[in-house]
């Protein structure tokens, strides 16, 4: 009696089974190949271990001062999270941390949790005392789950505030904080700060995508310059996106049809928006009166060091440094000093 594996039927069965397995393996390889090639990592300071990734934060942890490296950093964080990796933020080597980076980190964390199936992020704090203090005293831990114990509050820091609508009480709080720190009794200063904050909050709501816009703000007194530094971030539609929409509306009104519109670089669109250009048929100024008013304050030197980042555009009004960024910034960031 022949053995089973020598029979013709078994040989035929075995051959077909082998072909099926080979095809399956081939499909698996083809399926995995493109996914690996499509993920382009740009931030080099990364240590990988099995299903975990340790990313060393930029030494200058500031979007205003170090935008390219910071955006590459956050770009790769998202790619690793999409891949299902656990992320460890190694912030020990940070020598300088600014309020804009804290707000953007909170905004991105919230986005990761909403958009990704898995979001496992942990980390440490900067060894540098000044950076560590502003990070912990910023109120960052109020927005994330942590076992760390925060330090005592700092009267020179207005902790992170956030919302999805206009909050007059918070705008008043910001104005009182600024007036007290710069030692001014001029009510006009409070009115200017209050109205600016209201406009910024309103813009977030009016230009949100499907009513999902959210704003974040923070302020800190800088003893050396005797100025109050403001940072406002919104994750609604970006300035370039809204300007392009306004331009198309304008062309449609003139021609009666949707025509192709040539646009400048994102930084150019931001500069135009700051100057109050691109009015729609209704005569309503783009993003309300907030941006042009802040720009007016900067030209009058009531405020200094105004920087605006939105989508791929970066505009430093004071220095005249305007350019487009290699990676996208999600939302719109305004950073300035009130003196």
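The values are calculated or read from the model by the stated rules, or taken from the named source; none is laboratory data. These numbers come from a predicted model, not from an experiment. Quick reminder, even Gly has a Cβ in these numbers, built from the backbone with ideal geometry, and neighbours come from all protein chains shown.
Figure legend. Inter-residue proximity from region 205-232: first residues outside the structural domain of residue 338 (by TED's automatic domain parsing) and closer than 16 Å to residue 139 by Cβ, second residues exposed (fewer than 14 other Cβ atoms within 10 Å of the Cβ) and modelled with pLDDT under 90, beta-carbon distance below 9 Å, spacing 6+ or different chains. No pairs are indicated. Of the residues in region 101-130, how many are in a helix (DSSP H, G or I) and under 20 Å from residue 72 (Cβ atoms)? Here the count works out to 12.
Residues in region 35-80 that are free of Cβ contacts under 8 Å to residues at least 12 places away in the same chain and crowded, with 17+ Cβ neighbours inside 10 Å: 1 in all.
If you go through region 300-339 and keep only what is surrounded by fewer than 18 Cβ atoms within 10 Å (Cβ to Cβ), touching a residue at least 40 places away in the same chain (Cβ under 8 Å) and not in a strand (DSSP E or B), you end up with 302, 339.
Hey, can you tell me all the residues within region 317-335 that are under 28 Å from residue 223 (Cβ atoms) and under 17 Å from the mean Cα position of the chain (by Cα)?
Filtering region 317-335 down to residues under 28 Å from residue 223 (Cβ atoms) leaves 317-321, 333-335.
Passing the criteria: 333, 334, 335.
Can you pull out every residue in region 90-99 that is surrounded by 18 or more Cβ atoms within 10 Å (Cβ to Cβ) and part of a strand (DSSP E or B)? So that I can check it myself, show each step before the final result.
Initial filter on region 90-99 (surrounded by 18 or more Cβ atoms within 10 Å (Cβ to Cβ)): 91, 94, 97-99.
The answer is 97, and nothing else.
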